[in-house]
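Peer 1: This is the structure, below, for whatever I ask next.
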Amino acid sequence: MARRESRPARPADDERSDARERALILLYEAETKGIAPSEVLAAQISVPDELTRALVEGVEQHMAELDAAISAHAKGWTLKRMPAIDRNVLRVGAFELLGRREVPVAVVLDEAVELAKRFSTDDSGRFVNGVLAALVPVLRAA
């Protein structure tokens, strides 16, 4: 996550974007430490905001379903082969498609793509966009 210093500027008052970023960081921490996301949440010195908590807990509760959907739609990529940041961005975005239906699809995709661009590889934005777009009919089915 060394790219953080060079990330593009964005509006400072976007609390939902900040919550998504915090959720990504907490999920990444949990994965790299090999512990449950709920353990990382519980270890925080300051209480995470409601949206951050909801995203982390939602991803943790639906991890098997999210990973299966992502694996099925990430053509040519296994979960283990993906960069950890991409994998966790996809999990957050997939959970929002599945469990936060009040959030428009365009917002979910845009936010995930921006996170991937800021924190991962040069190709990650396109990759995340493609996988999440393929998941929309699956996870947002009526």
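Where a number appears in this text, it was derived from the coordinates with a stated rule and is not lab data. Source: prediction; values computed, not measured.
Peer 1: Averaging sequence separations of C-alpha pairs under 8 Å and six or more residues apart, then dividing by the length of the chain, give the relative contact order as a whole percent.
Peer 2: With pairs under 8 Å counted, the relative contact order is 26 percent.
Peer 1: With θ set to phi - 60° and the Karplus curve 6.51 cos²θ - 1.76 cosθ + 1.60, what are the ³J(HN,Hα) couplings of the range 40-53 in order, to the nearest whole Hz, using x for Gly and Pro?
Peer 2: 5, 4, 5, 8, 5, 5, 9, 5, x, 5, 4, 5, 4, 4
Peer 1: Quick one: Debye curve from the alpha-carbon atoms of the range 30-100 only, equal weights, vacuum; give me log10 I(q)/I(0) at q = 0.11, 0.16, 0.18 Å⁻¹ to two decimals.
Peer 2: These q points yield log10 I(q)/I(0) values of -0.27, -0.57, -0.70.
Peer 1: What lysines does Lys33 reach when the alpha-carbon gap must be under 18 Å and sequence neighbours fewer than 8 apart in one chain are set aside?
Peer 2: Lys80
Peer 1: Okay, moving on. Please give the length that would be gained between Met63 and Arg101 if that part of the chain were fully extended, namely 0.36 nm times their separation in residues minus their C-alpha to C-alpha distance (nm, one decimal).
Peer 2: Fully extending the segment from Met63 to Arg101 adds 11.9 nm.
Peer 1: Now a separate question. Provide, for q = 0.17 Å⁻¹, the log10 of I(q)/I(0) from a solvent-free Debye sum over equal Cα point scatterers in the chain.
Peer 2: Treating every Cα as an identical point scatterer, log10 I(q)/I(0) equals -0.90.
Peer 1: Could you bin all the Cα-Cα distances of the range 92-142 into 5 Å bins starting at 0 and give me the percent of pairs in each, rounded to whole numbers?
Peer 2: 4, 25, 34, 21, 11, 4, 1
Peer 1: Also: Hey, what number do you get for the chain at 222 nm if only DSSP H runs of n ≥ 4 count, each worth -39500 (n - 2.57), divided across all residues, to the nearest 500?
Peer 2: Theoretical 222 nm ellipticity from helices: -21500 deg cm²/dmol.
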